[in-house]
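Here the structure is laid out as structure tokens; the discussion comes afterwards.
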Amino acid sequence: EIEARGGWRYGHRLWLDTETALPLRMALMGEQGQPLEQMMFTQLPLGTVPSAADLKPSSSQDLQRIQARPPGKDSDPGWRVASPPPGFTLRSARRLGDSVQLLYSDGLAGVSIYVEPLLPNHQRGESVMHRGAVNARSIWGGGRRVVAIGKVPARTVDLFARNVQPMPDGKAGG
């Protein structure tokens, strides 16, 4: 069992094969210890080697890069979350047109944050959404909308959404 400490992430319960440590069942555990999601094998033939055909990609199309970001400071979209929860670090930051996507992770849990421009006269507001283990928080006003979404407790996405800000050098914009 992997216990969540501090309330910023969910716990995990794992059932492992005693000989191989192969995970046979995994559960994402909620704040009150209830399973939010489960994955398990119902049939698992061991000792069978997959054929070359079994390992071929399911699509005949080649992978394509959708957005190439040149390395260096100019590719940084200029937004960060001030004081993310302990253990969460910025793993990816990219510009998507006029919007920005940030990805924070602790190596197991992840939160995506989207910052997009709105008309400056747009009224302020907030919304929350919850589906299974996924929580989302949206806050808008002041010329932008911030959405934080992840398989983490509601308080975690709330912290991320409320603490995203442009970098001090002022280069972030919209």
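The values are calculated or read from the model by the stated rules, or taken from the named source; none is laboratory data. Owing to the predicted nature of the structure, the values given are computational and were not obtained by experimental measurement. Because the Cβ atoms are built from the backbone with ideal geometry, glycine has one as well, and the counts that use them run over all protein chains shown. For the accessible areas, the whole protein counts, side chains as well, though only heavy atoms, and no ligand, DNA or RNA atoms are used. Shrake-Rupley method; radii C 1.70, N 1.55, O 1.52, S 1.80 Å.
Key figures for this structure:
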quantity: Per residue value of the accessible surface for segment 94-149 (all protein chains in place, 1.4 Å probe), Å²; calculated: 56
quantity: C-alpha long axis of helix 154-163 to longest principal axis of the chain, angle in °; calculated: 30
quantity: From phi via Karplus (6.51, -1.76, 1.60), per-residue ³J(HN,Hα) for segment 117-124 in Hz, x at Gly/Pro; calculated: x, 10, 4, x, 8, 5, 5, 6
quantity: Highest-first arrangement of 89-102, 147-160, 41-54, where packing means the average Cβ count within 10 Å; calculated: 147-160, 89-102, 41-54
quantity: Solvent-accessible area, 1.4 Å probe, carbon plus sulfur percent, for segment 15-54; calculated: 57
quantity: For segment 107-114, Karplus couplings with θ = phi - 60° (6.51, -1.76, 1.60), whole Hz, Gly/Pro x; calculated: x, 10, 9, x, 10, 9, 10, 10
quantity: Three-way shape label, segment 11-54, alpha-carbon gyration tensor, a/c 1.5; calculated: prolate
quantity: Amide proton proximity set for ARG80, modelled H, under 5 Å, gap of 5+; calculated: GLN165, MET167
quantity: Unit charges at the beta carbon, dipole of the chain: most positive-side option, LEU119, MET26, TRP79; calculated: LEU119
quantity: Volume of the Cα convex hull of the chain, divided per residue and given in Å³; calculated: 180
